[in-house]
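Peer 1: What follows is a structure written as structure tokens; I'll ask about it next.
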Amino acid sequence: MSKTIKGMMLQEYRGKLSGTSDAMLISIRGVKAIPATKLRKDLAAKKIKVTVVRNSLAAKAFEGTGLQPLSKLLTGSTAIAYGGSSVVEVAREIVKALSDIPEMELKGAILDGQLFEGKAGVEELSRFPTKEEAIARVVTLIVSPARKLVAAINGPGGGVMGILKAIEQRLEKGETITRKAG
């Protein structure tokens, strides 16, 4: 391959990956065409891109970016998966697809500079909460004490209100209210 072609491919990789700091590496070698096409189509529907890369050029494209730690995983046939709402979503979708495509190899992923190597690492990453899920958990934690405080304030007031309501009903019926001897 000529230097010109390599230079064009390097520019293409850099263009596609610009602004991407979290991604996942997989190998789809040995995967039949129909399952591979279905996988790409399903991922594309979730705005996840899969690009087969040349390892040496990808390593050069990763230099100086958040993807640089992935360079050590660039061996054999490699595709990079990125996009979606986060690399956690990418990992979840690909781990889910692994049951239908056992030939696919999970090489690793990177999230916020942390490298997750191999199948075990990617499966661990797939169990992380997405950004939206993490925000929802934090909001729940913040709101929970306030909800408990409101319940605590309303609790005794509700009891007193029930007693007053019972007294009112008895008085409306014409019953006398007496204090029990205790």
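Peer 1: Report, in order of residue number, the helices in the chain meeting two criteria: a C-alpha extent of 20 Å or more along the helix axis, and a mean Kyte-Doolittle hydropathy of at least -1.0; treat each whole DSSP H run as one helix.
Peer 2: TM-like helix candidates: 3-17, 131-173.
Peer 1: For the residue pair THR176 and LYS16, what label-to-label distance in nm results when each label sits 7 Å from Cα along the Cα-to-beta-carbon direction?
Peer 2: Going from the THR176 label point to the LYS16 one covers 9.3 nm.
Peer 1: Lys/Arg Cβ at +1, Asp/Glu Cβ at -1, dipole of the chain taken about the Cα centre: which of PRO102, VAL122, PRO35 is farthest positive-ward?
Peer 2: It is PRO35.
Peer 1: For ASP100 and ALA120 in one chain, what is 0.36 nm times their gap in residues minus the Cα-Cα distance, to one decimal in nm?
Peer 2: Values: separation 20, 0.36 × 20 = 7.20 nm, distance 1.78 nm.
Length gained between ASP100 and ALA120: 5.4 nm.
Peer 1: Compute a Gaussian network model of the chain, connecting alpha carbons closer than 10 Å, and tell me which residue from VAL53, VAL143, VAL122 fluctuates the most.
Peer 2: Ranking VAL53, VAL143, VAL122 by mean-square fluctuation puts VAL143 first.
Peer 1: Explain nothing, just the number: dipole magnitude of the chain about its Cα centre with +1 on each Lys and Arg Cβ and -1 on each Asp and Glu Cβ, in debye rounded to the nearest 20.
Peer 2: The dipole magnitude comes to about 200 debye.
Peer 1: Past 28 Å, Cα to Cα, is the threshold; run LYS47/LYS96; LYS47/LYS107; LYS3/LYS41; LYS38/LYS60; LYS16/LYS46 against it and keep the listed order.
Peer 2: Too far apart for the 28 Å limit: LYS3/LYS41; LYS38/LYS60.
Peer 1: Name the residues of the range 66-104 whose amide N is less than 19 Å from a point 7 angstrom out from the Cα of VAL143 along the C-beta direction?
Peer 2: Under 19 Å, as judged by backbone N against the label point of VAL143, lies no residue of the range 66-104.
Read the figures in this text as sums done on the coordinates, not as results from a lab. No experiment lies behind these values; they were computed from the predicted model shown. We place every Cβ from the backbone using ideal geometry, glycine too, and count neighbours over all the protein chains shown.
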